[in-house]
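K.L.:
Quick one: the structure is below, and I'll ask about it shortly.
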Number of protein chains: 2
Amino acid sequence: MFAEAEADPSLSKDEFKPLEMRLRVALLNAQYQRLEKADKALLVVVAGIDGAGKGATVNLLNEWMDPRHIRTLAYGPAEGEELERPPFWRYWKDLPPKGSTGIVFGSWYAPLLIESARKKPNQDALEAQCAAIRRFEAMLAAEGVQIIKLWFHLSAKAQKDRAQRLLASPETSWQVSPVDLKVYKKYDRIRAGGQIVMNHTDSGHAPWVVIPSADENMRSARTAEAVLAAMRQRGVPRIPQSFLAHSGPVRIVNRLGELDYDAKIDKGDYESELGLLQGRLARAARSKKFQERSLVLVFEGQDAAGKGGAIRRVTHALDARQFDITPVAAPNSYELSRPYLWRFWRQLPRHGRIAIFDRSWYGRVLVERVEKLTAPAHWRRAYAEINDFEAQLAASGAIVLKFWLAVTADVQLERFKEREKSPFKNFKITPDDWRNRDKWKEYAAAANEMLTRTDVAHAPWHLVSANDKRYARLQVLRHVVEAMENSL
Amino acid sequence: MFAEAEADPSLSKDEFKPLEMRLRVALLNAQYQRLEKADKALLVVVAGIDGAGKGATVNLLNEWMDPRHIRTLAYGPAEGEELERPPFWRYWKDLPPKGSTGIVFGSWYAPLLIESARKKPNQDALEAQCAAIRRFEAMLAAEGVQIIKLWFHLSAKAQKDRAQRLLASPETSWQVSPVDLKVYKKYDRIRAGGQIVMNHTDSGHAPWVVIPSADENMRSARTAEAVLAAMRQRGVPRIPQSFLAHSGPVRIVNRLGELDYDAKIDKGDYESELGLLQGRLARAARSKKFQERSLVLVFEGQDAAGKGGAIRRVTHALDARQFDITPVAAPNSYELSRPYLWRFWRQLPRHGRIAIFDRSWYGRVLVERVEKLTAPAHWRRAYAEINDFEAQLAASGAIVLKFWLAVTADVQLERFKEREKSPFKNFKITPDDWRNRDKWKEYAAAANEMLTRTDVAHAPWHLVSANDKRYARLQVLRHVVEAMENSL
């Protein structure tokens with residue numbers, strides 16, 4: 001794997017110059033074609049042996065390509081609010097739009113490489129991290145974010161020679177940082193670590209490419225060639241099943257059909273119970289322990305099931321600084337130029353905070369499925385992707401609760417009519433709502449499949465009978481309060 | 001000012017119901033009209049006496065209006081990365097787009113109210129804060145962000161009664177937080193503080209409205225009326241000069257004309273000098289002291305003056321994790337729906353980091369002025385707004401340096417022709433460049449006025465002769481290095 005690079009091949013000036021000219025022209029053309037097509041972003045992940053000139057990639061690509069469409073995404077050890085979200089959060093939020101290119105330093109491989117370069121790497125942890133990375137990269141690839149991973153490499157001797165040469169002159173000595181001097185001693189372990197990581201994470205859709213880096217001309221040419229080959233790749237690559245998150249076959253339960261829609265509560269009991277539940281919620285949200293957790297609430301359900309009213313009964317008990325409500329509609333162009341889950345990743349709460357989604361990422365397997373807004377391959381894949389997403393969320397300390405507010409068709413009809421009559425509610429009813437109603441069965445089938453496939457212990461669905469609004473509001477509050485109290 | 005509110009007026013259910021109906025319909029209509037027009041955002045700033053039900057505004061407006069176009073923006077004491085930027089940064093970055101509404105808790109008035117409610121407020125600090133707020137609000141108003149400020153108020157007796165009533169029952173006692181109990185004792189001082197702040201910051205374009213809050217119906221009706229009145233206001237209000245930042249009359253110096261364009265350096269000296277300067281920059285950027293500062297570099301200049309090359313000589317000395325390059329082009333629709341400076345505020349660096357702008361906010365007084373892309377009133381106002389912006393930046397610990405890379409018309413022509421011939425440089429030359437060249441004199445005049453009006457000690461312009469690229473690169477590096485070394 002490293003044999004060629006460790007022979008430290010070089011390119012003379014005479015060999016390099018015509019190659020440079022050809023590569024620059026080709027890179028620019030490829031870049032503009034991708035910009036015009038704008039169907040895929042490209043992430044160039046930079047890793048490798050220290051002192052191999054990884055950092056020079058930024059200047060190289062910015063000089064050889066149109067720098068207005070290249071972003072450098074560089075990460076150090078996770079810190080501050082990064083630690084309050086899942087580890088992949090910082091990479092998700094920075095994903096470049098389709099058409100453009102990101103150069104990634106300190107990528108998701110950084111912790112993996114540190115682990116694998118230890119004397120005795122923890123094999124289980126390593127395996128788990130590799131599996132998570134494989135799912136992450138496969139999902140990105142399937143959603144239009146192409147990935148190429150460059151490993152800059154040179155022989156131990158060349159690495160040492162380079163450091164000594166640079167250190168010899170005050171004009172260049174600063175290029176060797178104190179950190180570099182330490183890692184030069186660890187060549188063998190970093191090399192071995194790289195080998196392990198590459199073996200576990202190489203794939204057709206997110207390949208590793210070793211760049212011989214002892215010679216600057218060679219490094220530049222091979223970097224450009226690798227990026228060029230990636231840019232020229234058309235279409236979405238075939239992604240092996242083993243790389244994707246997946247959900248097994250299940251028997252789909254008709255949970256909507258089994259629900260007791262007659263549940264109700266009378267007004268007097270409601271008022272008193274509401275106040276008590278809100279009090280418990282207020283206390284839980286103000287508690288010290290919640291400052292190390294976060295809460296994510298998802299509201300789905302038929303139109304006019306009363307999501308907004310239920311949400312307001314929750315927020316009434318909260319400090320305005322503590323929560324954000326994200327109303328989810330069709331994605332805008334900004335959002336469409338990124339993977340489907342991107343816009344939700346960006347809204348994840350910090351510790352001590354609450355994110356409320358009025359409709360959510362489940363749109364993928366509900367409206368997008370029923371209205372055929374996305375290809376079946378996308379929404380079929382989405383169950384497992386969503387489970388993976390929520391598992392990461394829960395693992396990072398979020399309490400995740402999902403509510404389906406369920407009404408019967410006749411109650412919905414009543415509410416639609418009432419909305420149409422009311423001068424301040426008729427904005428809530430649109431032709432879309434009537435059209436959705438015509439597809440009642442399709443929506444119910446989609447909801448049942450969703451409930452079956454994504455009801456997991458770390459992010460449970462609560463199916464709430466909402467023919468009686470008061471009953472539904474109390475049920476929602478009760479589930480939130482109990483989940484908070486149990487977790488804190 | 002508080003007389004009416006302290007009489008604790010109320011509305012009976014019979015009075016309130018028809019009013020509610022009328023207000024809800026009117027609010028919704030007004031909201032949709034603004035969404036359609038999308039020429040102004042609305043910020044509803046919430047402040048007032050504690051226990052007056054400020055928090056209920058969120059639920060009220062979300063229930064009475066279409067909540068999909070309302071965002072709650074709530075702030076606690078500044079913390080974490082907020083402290084590494086100017087105090088207004090967190091408000092700038094969250095500005096809602098035109099057409100929509102933001103409800104602001106813990107606004108820019110929060111620190112002011114704390115100060116003014118102290119036993120002996122520091123009058124100078126208060127005055128300075130008020131002046132900064134006046135400029136901030138005036139700029140927002142002039143740029144399409146309308147502001148209305150609600151002061152929720154009730155008598156001391158009503159405040160006390162309310163707390164006791166709520167505390168009496170477990171269903172409501174949670175609504176009184178431990179913090180509330182403390183502030184109830186400070187009624188007089190908070191009232192006096194509010195009075196001072198309102199006196200200093202009330203204006204036609206960003207008015208304070210006192211909302212009588214002892215009675216829930218009255219509070220709801222008056223809140224809705226105030227928001228409705230604001231939503232119905234058309235056009236940009238007249239903003240008194242005394243509220244705006246301003247730059248006085250100056251004699252515009254022809255600095256571009258006075259520059260020595262023959263400055264150059266030979267290749268051997270360049271290489272050695274470059275390495276030494278990059279070494280000093282690398283050391284300064286890695287220094288411990290820089291971890292408490294940040295660096296903002298602005299690059300402007302004629303087309304083909306060599307901005308990109310100069311930037312790469314700077315970044316070569318830096319760790320990729322330390323800097324961001326923001327190439328500035330025409331604003332997109334997302335950016336156009338906010339005030340002009342918004343997109344730049346969002347890019348301000350944290351401590352220990354470097355933000356490089358390849359073109360910048362000066363586009364307002366250069367290309368937008370010359371190409372008549374904005375009204376004269378806007379770019380004329382911009383000099384002072386920019387000075388204010390940069391002063392805030394510098395005050396927050398940023399080292400701000402601005403470079404104008406200057407070439408003569410004949411050298412530009414040479415470079416244009418060279419670019420046209422080169423298969424990998426011709427992407428850098430467009431019909432726009434030739435058109436700009438035809439307006440050489442207008443651009444020079446705009447640049448000279450800009451240099452004269454915005455060359456300030458805390459954010460100096462360096463006019464760099466760039467007919468010789470090597471000379472220009474060294475000059476830029478030298479200025480950056482010296483500013484870093486002097487500041488650290």
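The values are calculated or read from the model by the stated rules, or taken from the named source; none is laboratory data. Fair warning: this is a prediction, and the values are worked out from it, not measured in the lab. Cβ: placed from backbone, ideal geometry, glycine included. Neighbour counts: every protein chain shown. The protein model used for the area step is the full one, side chains on, heavy atoms only, and it has no ligands, DNA or RNA in it. Shrake-Rupley method; radii C 1.70, N 1.55, O 1.52, S 1.80 Å.
K.L.:
If you take each beta carbon of peptide A:316-328 and count the beta carbons of other chains within 10 angstrom, what is the mean? Display every interim value, and only then the final one.
P.N.:
Details: counts 5, 2, 2, 7, 15, 8, 2, 3, 4, 7, 2, 7, 1.
Shielding by partners across A:316-328 averages 5.
K.L.:
Moving on. For each pair in A:Lys264/A:Lys417; B:Lys402/B:Lys441; A:Lys13/B:Lys469; A:Lys288/A:Lys402; A:Lys186/B:Lys425; A:Lys439/B:Lys37, compute the distance between the two Cα atoms and list the pairs where it is over 31 Å. If you can, show how the numbers build up before the last one.
P.N.:
Values: A:Lys264/A:Lys417 22 Å; B:Lys402/B:Lys441 21 Å; A:Lys13/B:Lys469 23 Å; A:Lys288/A:Lys402 24 Å; A:Lys186/B:Lys425 42 Å; A:Lys439/B:Lys37 34 Å.
Table pairs above 31 Å Cα-Cα are A:Lys186/B:Lys425; A:Lys439/B:Lys37.
K.L.:
Which aspartates and glutamates have a Cα less than 16 Å from the Cα of A:Lys17, not counting those fewer than 8 places away in the same chain?
P.N.:
The reachable aspartates and glutamates, counting only those whose Cα sits under 16 Å from A:Lys17, are A:Glu63, A:Asp215, A:Glu216, A:Glu225.
K.L.:
OK, next. In nm, give the distance between the simple-model label positions of B:Ala395 and A:Glu82, each being 7 Å from the Cα along the Cα-to-Cβ direction.
P.N.:
3.1 nm
K.L.:
Would you pull out the residues with amide H under 5 Å of B:Val456's amide H, same chain only if 5 or more places away, H placed 1.01 Å from N?
P.N.:
Counting only residues 5 or more places away or on other chains, the set is B:Trp461.
K.L.:
Rank these by accessible area, largest first, 1.4 Å probe: B:Ser107, A:Ser333.
P.N.:
Numbers: B:Ser107 5, A:Ser333 95 Å².
I get A:Ser333, B:Ser107, largest accessible area first.
K.L.:
Still on this structure: Hey, can you grab everything whose amide H is under 5 Å from the amide H of A:Leu43? Only 5+ residues off in sequence or another chain; H modelled, so Pro and N-termini drop out.
P.N.:
A:Gly102, A:Gln146, A:Ile147, A:Ile148
K.L.:
Moving to a separate point now. Output the pairs from B:Lys93/B:Lys120; A:Lys157/A:Lys182; B:Lys160/B:Lys182 with a Cα-Cα distance over 23 Å in this structure; if there are none, say none. Let's see the in-between values first.
P.N.:
Details: B:Lys93/B:Lys120 33 Å; A:Lys157/A:Lys182 15 Å; B:Lys160/B:Lys182 12 Å.
The answer is B:Lys93/B:Lys120.
K.L.:
Right, another one. If you plug each phi of region B:229-239 into the Karplus form 6.51 cos²θ - 1.76 cosθ + 1.60 with θ = phi - 60°, what whole-Hz ³J(HN,Hα) values come out, in order, with x for Gly and Pro?
P.N.:
4, 5, 5, 7, 5, 9, x, 8, x, 5, 10
K.L.:
How far, in nm to one decimal, is B:Leu167 from itself in the other copies if the label point is set 7 angstrom along Cα toward Cβ? Shortest first, please.
P.N.:
7.0
K.L.:
Still on this structure, please answer the following. Convert each backbone phi in region B:188-203 into a coupling constant with the Karplus relation 6.51 cos²θ - 1.76 cosθ + 1.60 (shift: θ = phi - 60°), then list the ³J(HN,Hα) values in order as whole Hz, x for Gly and Pro.
P.N.:
4, 6, 5, 4, 5, x, x, 4, 4, 4, 5, 4, 7, 10, 7, 7
K.L.:
Let me ask something additional. In what sequence, largest accessible area first, do B:Asp269, A:Asp66 appear using a 1.4 Å probe? Let's see the in-between values first.
P.N.:
Values: B:Asp269 90, A:Asp66 0 Å².
Solvent-accessible surface, decreasing: B:Asp269, A:Asp66.
K.L.:
OK, next. If you take each beta carbon of peptide B:170-177 and count the beta carbons of other chains within 10 angstrom, what is the mean? Don't skip to the end; give the middle numbers.
P.N.:
On the way: counts 5, 9, 4, 3, 10, 6, 0, 3.
Per residue, the number of nearby Cβ atoms from other chains is 5 on average.
K.L.:
Can I ask one more? Rolling a 1.4 angstrom probe over the protein chains, ignoring ligands and nucleic acids, what is the accessible area of B:Arg283 in square angstrom, nearest 10?
P.N.:
Accessible area, nearest 10 Å²: 130 Å².
K.L.:
Using modelled amide H (1.01 Å from N, peptide plane; none on Pro or chain starts), what sits under 5 Å from the amide H of B:Thr326, excluding residues fewer than 5 places away?
P.N.:
For B:Thr326, whose amide H was placed from the backbone, the distant partners under 5 Å are B:Ile356, B:Phe357, B:Asp358.
K.L.:
So how exposed is B:Arg313, as accessible area in Å² (1.4 Å probe, rounded to 10)?
P.N.:
50 Å²
K.L.:
From the backbone phi of region A:324-334, what are the Karplus-calculated ³J(HN,Hα) couplings (6.51 cos²θ - 1.76 cosθ + 1.60, θ = phi - 60°) in whole Hz, Gly and Pro given as x?
P.N.:
10, 9, 10, x, 9, 10, 4, x, 8, 4, 4
K.L.:
For every other residue with a beta carbon closer than 10 angstrom to the beta carbon of A:Gly235, add +1 if it is Lys or Arg and -1 if Asp or Glu, then tell me the sum.
P.N.:
On the way: positive: A:Lys40, A:Arg234, A:Arg238; negative: A:Asp39.
With Lys, Arg at +1 and Asp, Glu at -1, the neighbours total +2.
K.L.:
What accessible area, in Å² to the nearest ten, does a 1.4 Å probe give for A:Met139?
P.N.:
Counting only protein heavy atoms, A:Met139 exposes about 20 Å² to solvent.
K.L.:
Could you please state, rounded to a whole Å, how far the C-alpha centre of region A:41-71 is from the C-alpha centre of region A:282-323?
P.N.:
43 Å
K.L.:
What dipole magnitude, in Debye to the nearest 20, does chain A give about its Cα centre under +1 on Lys/Arg Cβ and -1 on Asp/Glu Cβ?
P.N.:
Result for chain A is approximately 320 debye, rounded to the nearest 20.
K.L.:
Moving to a separate point now. With a probe of 1.4 Å, find how much accessible area region A:253-487 has per residue, and write the answer as a whole number in Å². Don't skip to the end; give the middle numbers.
P.N.:
Numbers: 9670 Å² over 235 residues.
With all protein chains present, region A:253-487 gives 41 Å² per residue.
K.L.:
Return the FRET efficiency for the residue pair B:Ala125, B:Val236: r is the Cβ-Cβ distance, R0 is 35 Å, and the value is rounded to the nearest 0.05.
P.N.:
Numbers: r = 31 Å, r/R0 = 0.89.
Working from the Cβ atoms, E equals 0.65.
K.L.:
Excluding ligands, DNA and RNA, what is the accessible area buried between chains A and B, summed over both sides, using a 1.4 Å probe, to the nearest 100 Å²?
P.N.:
Numbers: alone 23090 and 23090 Å², together 41850 Å².
What A and B bury together is about 4300 Å².
K.L.:
For label points placed 7 Å from Cα toward Cβ, what is the shortest-first list of nm distances from A:Leu488 to its copies?
P.N.:
With the label placed 7 Å along Cα→Cβ, A:Leu488 yields 4.5 nm.
K.L.:
Also, quick follow-up: Top to bottom by accessible area (1.4 Å), largest first, where do B:Ile196, B:Ile399 land? Could the numbers behind the result be given before it?
P.N.:
Values: B:Ile196 45, B:Ile399 10 Å².
Output order, biggest surface exposure first: B:Ile196, B:Ile399.
K.L.:
Moving on. Specify the inter-centroid distance of region B:155-183 and region B:422-488, based on alpha-carbon positions, in whole Å.
P.N.:
Between the Cα centres of region B:155-183 and region B:422-488 lies a distance of 61 Å.
K.L.:
Defining the label point at 7 Å along Cα→Cβ, can you sort the distances from A:Glu15 to the same site in each other copy, shortest first, in nm?
P.N.:
Relative to the other copies, A:Glu15 has label-point distances of 9.2 nm.
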